[in-house]
Amino acid sequence: MTYLKNTKKNKDNNNSNRLTATTTISVLTLAIIIMMIAPTSIDTPVAAQQVTTTRAAGGNTTTASSSTSPSGIDLSSSQPIYQERSPPGGLTPINEAHGILTFSGNGTITLPNSTQAINTTSNGTGIISFATTSGYAKETIRAENGETVTATTYEIVQFNNPAAAPQGGGKGIVTAVFQTNSTGTLAPLNGMILAGIDNLSSSGESHVTLWRWESGITNTTRASATSSSNNSTGISAVTPSAIT
């Protein structure tokens, strides 16, 4: 009996050793497979490399590289292009999610490379989303000399007290594109893309400030686009009434 027990014990030990060895090999094999499949490191975004090759007169070649980091939003100088002040407009609900906003205001335009402010009046219509506190609008901006600019704007607002909005104040981020048929004072505004902020006072009055967006892209088709479609940005504007 003792012999049988010891034999069984030895067999059990041998089986256990084999199982342990097999398990160890399997784990090592799995680890090797994972290491072969998985990347050895996690790549992080790096600055773009610009390589410049220069060939000297004697045939020698010199290669130099430089790093360029992605730039943020580049706006024009500290002088804004457009500033507008308008009281809370009239809101007509369409349904539980959207409404139509009519508004008017007063403001100033300052042309690029100028410090002279041009007084303006404005009126417009927009579609408001209650769920996202955002809006899309088109407004006509009129200068004192009768020239006009059409602004297509997009805005997202965060209110201090959403339940009482627009009363209670808040702040919005605004993007816009200007279009005009003017060949006079306001002609430089045609096709200009702007970005800025909307500071809402506690009474709900809107104070919009927009700067010109510097994309760094030279639009070589600007002249032809201006003469043919008067839209050098290539953006087709949709009137708010077309949105359902």
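Nothing in this text is a laboratory measurement; each read-out follows from the coordinates by a stated rule. It should be emphasised that the depicted structure is a prediction, and the values quoted were computed from it without experimental measurement. Counting neighbours? That spans all protein chains shown, and the Cβs are built from the backbone with ideal geometry, glycine included.
Sort Ser86, Ser104, Ser78 so that the residue with the fewest other Cβ atoms within 10 Å of its own Cβ comes first and the one with the most comes last.
Ranked by crowding around the Cβ, least crowded first: Ser78, Ser104, Ser86.
Whole-Hz ³J(HN,Hα) for each residue in region 205-216, computed from phi via Karplus 6.51 cos²θ - 1.76 cosθ + 1.60 with θ = phi - 60°, x for glycine and proline: what do you get?
Going residue by residue, I get 6, 9, 10, 9, 10, 10, 10, 6, 7, 9, 7, x Hz, with x marking Gly and Pro.
Could you line up Thr150, Thr180 from fewest to most neighbouring Cβ atoms inside 10 Å? Don't jump to the answer; show the numbers that get you there.
Working: Thr150 18, Thr180 23.
Lowest count first: Thr150, Thr180.
Using label points projected 7 Å from each Cα along Cα→Cβ, tell me how many nm separate Ser129 and Ser215, to one decimal.
Here the modelled spin labels are 2.3 nm apart.
May I ask you to give the average projected area over all directions of the convex hull of the Cα atoms of region 163-211, in nm² rounded to one decimal?
Details: hull surface 16.3 nm².
Projected area, direction-averaged: 4.1 nm².
Enumerate the calculated ³J(HN,Hα) couplings along region 114-122 in order (Karplus 6.51 cos²θ - 1.76 cosθ + 1.60, θ = phi - 60°), each rounded to whole Hz, writing x wherever the residue is Gly or Pro.
Each residue's phi maps through the Karplus curve to give 9, 10, 8, 8, 9, 5, 9, 10, 8 Hz.
If each residue's Cβ is checked for other Cβ atoms within 10 Å, how do Arg142, Arg212 rank with the fewest at the top? Mind showing how you got there, number by number?
Values: Arg142 15, Arg212 22.
Ranked by crowding around the Cβ, least crowded first: Arg142, Arg212.
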